[in-house]
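The values are calculated or read from the model by the stated rules, or taken from the named source; none is laboratory data. Being a predicted model, the structure only gives us computed values, none of them experimental. In this analysis, Cβ positions are derived from the backbone assuming ideal geometry, glycine residues included, and neighbour counts consider all displayed protein chains.
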Amino acid sequence: MGKDGNQILYRTAIAKALSDDVVVRGYSLRSLIGDLSIAGMCYLLIKGERPDRNAEKMLDAILVASSEHGVRPPSIQAARQIASGGVQFQACVAGGILALGDSHGGAIEEAMVLFDLGLSGVKAGRSVKDAAAEILSDFKARKQRLPGFGHPTHAQDPRTTRLFDLAREFGIFNDAGRLAESIAEQSQEIMGRRLPLNVDGGIAALLTAMDFDPKVGKGIFAAGRIFGIVAHVLEEKVREKPMAHLPSFDLIQYDGRELES
C-alpha cells in the first residue's frame, strides 16, 4: 500500500515525474540535459549510475557501430518495405525494430551468456586459451553455430577491430575481450574453419567487460540501429515511389497447384 493508503500498481527505481523536473536514477533530468550524452543516459538508465568518461565513450562507440550496415539487413528491409506501403513513420520504425531477432542482433545476448560461462572457468583458475578451446570443442561436438562469430561479408569485421582498439585505449579491455579473441584465433584449428569475431560478438565481449546484464544485449543493439532505421524510412518516403522495391512478377516463381479444369 502507498502512503495514502492506495494500492501500489507499479514499482520503479528508474524515474519519477515532478511538477518542475524529472528524477532519473536520483539525478535531475534538467541537469542531465546538455551534460550527459545519449550513450551516458543509456548507461545511467540501465545500470542505475552515471558512467565515467571512458565507459560513456565506449558505449557511445558501441551504439555508433550498431547503427548502420546498409540496406540488406532485415531491420532495414522491413522498415523500408513498410514505408513503401504508405504507412505512418513511427509504425515503419517499429516494424524495423521488430525485425531484429535471434539471427539479426540477437547473437549479442547469446554470446554474453557464453562469455560469462567461459569467464567463470577463468576465475576458477583456467587460462583464457583453455576456456576458449573448451567452448569451441563443446560447440563442435554439439554441431551448433557459435553466436557472435562468422560473417558473410567481412573476413575481419572492421567494426569489431575498431571497438577493441578503443576498449584498449579506454582501459576497458579485459578477459572478456581476450576470451573472444582466443575463440576466433583457435577456431580454425578446433572447428576446421576460421570464424572471425563479428560485431555482435565484439559488442557482447565489451558489454560483458562493462558488467552489463546479458538480457540487455538485444536492446542496446536496437538502440543503436534505430537511428539507421529512421534514416532509411525517411529516404524511402522522400526519394522512392510507393512499392518501389517489390520484385517484378517474372522474378517470382509459383510452385503450388495449378488451376483444376
Every residue in region 165-188 that is among the hydrophobic types (A, V, I, L, M, F, W, C) and touching a residue at least 40 places away in the same chain (Cβ under 8 Å), please. 166, 167, 170, 172, 176, 179, 180, 183
Take the residues in region 225-243 that are assigned to a helix (DSSP H, G or I) and of a type in the set (A, V, I, L, M); name whichever of them is nearest to the chain's Cα centre (by Cα). 226
Wholly within region 74-168, helices (runs of 4 or more DSSP H) carrying at least 2 residues that are in contact with a strand residue (DSSP E or B) (Cβ under 7 Å, 6 or more places away or on another chain) and farther than 17 Å from residue 185 by Cβ: 74-84
Can you pull out the residues in region 22-37 that are surrounded by 13 or more Cβ atoms within 10 Å (Cβ to Cβ) and not polar (S, T, N, Q)? 22, 23, 24, 25, 27, 29, 32, 36
In region 81-95, is there at least one residue being at pLDDT 95 or above, over 13 Å from the mean Cα position of the chain (by Cα), polar (S, T, N, Q) and within 26 Å of residue 162 (Cα to Cα)? no
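For the subset of region 118-138 comprising residues that are of a type in the set (A, V, I, L, M, F, W, C) and over 13 Å from residue 193 (Cα atoms), which member is surrounded by the most Cβ atoms within 10 Å (Cβ to Cβ)?
So the first thing to find is which residues in region 118-138 are of a type in the set (A, V, I, L, M, F, W, C), and the list is 119, 122, 124, 128, 131-133, 135-136.
Imposing the further condition that a residue be over 13 Å from residue 193 (Cα atoms) reduces the set to 119, 122, 124, 128, 131-133, 135.
On the way: 119: 20, 122: 19, 124: 8, 128: 20, 131: 24, 132: 26, 133: 17, 135: 21.
Only one residue tops the list, namely 132.
Of everything in region 1-55, what is acidic (Asp, Glu) and touching a strand residue (DSSP E or B) at 6+ places or on another chain (Cβ under 9 Å)? Give them in sequence order.
The first filter runs over region 1-55 and keeps only residues acidic (Asp, Glu), leaving 4, 20-21, 35, 49, 52.
21 - this is the single residue of region 1-55 that is acidic (Asp, Glu) and touching a strand residue (DSSP E or B) at 6+ places or on another chain (Cβ under 9 Å).
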